[in-house]
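Student: Dropping a structure here in structure tokens format, bear with me for questions.
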Amino acid sequence: SPANVALANMTASQTSLTAFQSTAVSVDVTVNGQSASGTPVTVSFTASCGVFSPATATSNSSSKAVSTYQPSGCSGGTATLTASAVGASSAQTSVTVQSPTPTNLLFVSATPSTIYTSVASFGVKQSTVKFKVVDASGAAITAPTDVTVSLSTSAIASGVTFGDTNSTAAKTVSTDSNGEVSVI
């Protein structure tokens, strides 16, 4: 008769992770109500965000299928982890993923790239300058993040001001959904 495969007790070694941590995830496997130690079963692992390595694993001599989960690409919150096998109801568990931490600010662009001081009799006088807030892997921080933008002493001495306020005072700007801020 066909085997009755069941998955139960899916657990993660760590239940709270940062974007760069990983955790072992295991699930108990039974065949016809007995330990699957003598009958290897292939189990597939998926997640609502992040990745498993390997994505499929075979149950071992302890009747467990084991994989490693990493929440890469998750923006924070709860990640639902799922194990499934042919002929079995899936098993689930969840882990908390902490929001990625901003670690760097990258220059993106200046449009136009050359401007002239306000006292010049010719040329473009304003430029939109963009920066991107990223995490340690270089991925954009998509959650709103405040960035303080200030002008250097030499820029101020040359007559540069912020275009929207006509001031040299530092300003705080919030990032957009791409992790970018722009100032004029």
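The values are calculated or read from the model by the stated rules, or taken from the named source; none is laboratory data. If you're wondering where the values come from, they're calculated on a predicted model, not measured in any experiment. With ideal geometry, Cβ positions are generated from the backbone for all residues, glycine too; neighbour counts draw on all protein chains shown. Areas reflect the complete protein model, heavy atoms only, side chains present, ligands, DNA and RNA absent. Shrake-Rupley method; radii C 1.70, N 1.55, O 1.52, S 1.80 Å.
Student: Over region 133-172, with the other protein chains present, what is the accessible area per residue in square angstrom, probe 1.4 angstrom? Intermediate values should be presented prior to the final figure.
Tutor: Values: 2270 Å² over 40 residues.
Roughly 57 Å² per residue, with all protein chains present.
Student: Could you give me the ³J(HN,Hα) list for region 32-45, computed from phi with Karplus coefficients 6.51, -1.76, 1.60 and θ = phi - 60°, whole Hz, x at Gly and Pro?
Tutor: 6, x, 10, 3, 8, 4, x, 10, x, 10, 7, 10, 9, 10
Student: I've got another one for you. Multiply the residue separation of Ser94 and Ser61 by 0.36 nm, subtract the distance between their alpha-carbon atoms, and state the gained length in nm to one decimal. Walk me through the intermediate numbers first.
Tutor: Values: separation 33, 0.36 × 33 = 11.88 nm, distance 2.53 nm.
Length difference between fully extended and current span is 9.3 nm.
Student: Same structure again: Could you tell me what percent of the accessible area of region 80-156 is made up of carbon and sulfur, with a 1.4 Å probe and every protein chain present? Numbers along the way, then the final one.
Tutor: On the way: 2540 of 4660 Å².
The nonpolar share, carbon plus sulfur, comes to 54 percent.
Student: Moving to a separate point now. Given (i) 1, 7, 13, 17, 18, 16, 13, 8, 4, 2, 1, 0, 0; (ii) 1, 8, 17, 21, 19, 15, 10, 6, 3, 1, 0; (iii) 1, 8, 13, 13, 10, 9, 7, 7, 6, 6, 5, 4, 4, 3, 2, 1, 0, 0, 0 as candidate values of P(r) over Cα pairs in 5 Å bins from 0, in percent, which corresponds to the one derived from the coordinates?
Tutor: (iii)
Student: At 1.4 Å probe size, with the rest of the protein present, what percent of the exposed accessible area of region 1-70 is carbon and sulfur atoms?
Tutor: Working: 1760 of 3570 Å².
Using a 1.4 Å probe with all protein chains present, region 1-70 comes out at 49 percent carbon and sulfur.
Student: Which whole-number percentage describes the relative contact order of region 141-184, with Cα contacts under 8 Å and a sequence gap of 6 or more? The partial results should precede the final answer.
Tutor: On the way: 59 pairs, mean separation 23.7, N = 44.
It comes to 54 percent, rounded to a whole number.
Student: Another question about this same structure. At 0.36 nm per residue, minus the direct Cα-Cα distance, what do Val173 and Val86 gain on full extension? Give it in nm, one decimal, please.
Tutor: Values: separation 87, 0.36 × 87 = 31.32 nm, distance 5.12 nm.
Contour length minus the Cα-Cα distance gives 26.2 nm.
Student: By the scheme Lys and Arg +1, Asp and Glu -1, what is the net charge of all other residues having a beta-carbon under 13 Å from that of Ser174?
Tutor: Values: positive: Lys171; negative: Asp146, Asp176, Glu180.
That sum, taken over residues with Cβ under 13 Å, equals -2.
Student: Under 12 Å from the 7 Å Cα→Cβ point of Val119, by amide nitrogen: which residues of region 135-173?
Tutor: Label zone hits: 157-160.
Student: If each of Ser13 and Thr111 carries a label point 7 Å out from its Cα toward its Cβ, how far apart are those two points in nm?
Tutor: If labels sit at Ser13 and Thr111, their model points lie 4.7 nm apart.
Student: What figure, in Å² to the nearest 10, do you get for the accessible area of Asp28 with a 1.4 Å probe and non-protein molecules left out?
Tutor: Rounded to the nearest 10, that gives 40 Å².
Student: Additional query: Roll a 1.4 Å probe over the protein heavy atoms and report the accessible area of Val149 in Å², nearest 10.
Tutor: Only protein atoms counted, so the area is about 20 Å².
Student: Can you grab the distance from the C-alpha centre of region 1-66 to the C-alpha centre of region 116-184, Å, no decimals?
Tutor: Result: 49 Å between the Cα centres.
Student: Return the FRET efficiency for the residue pair Thr161, Ser75: r is the Cβ-Cβ distance, R0 is 35 Å, and the value is rounded to the nearest 0.05. Each step should come with its number before you reach the end.
Tutor: Values: r = 35 Å, r/R0 = 1.01.
E between Thr161 and Ser75, to the nearest 0.05, is 0.50.
Student: Under 5 Å between amide H atoms, partner at least 5 residues away or on a different chain: which partners does Val5 have, H built in plane at 1.01 Å?
Tutor: For Val5, the qualifying residues are Asn32.
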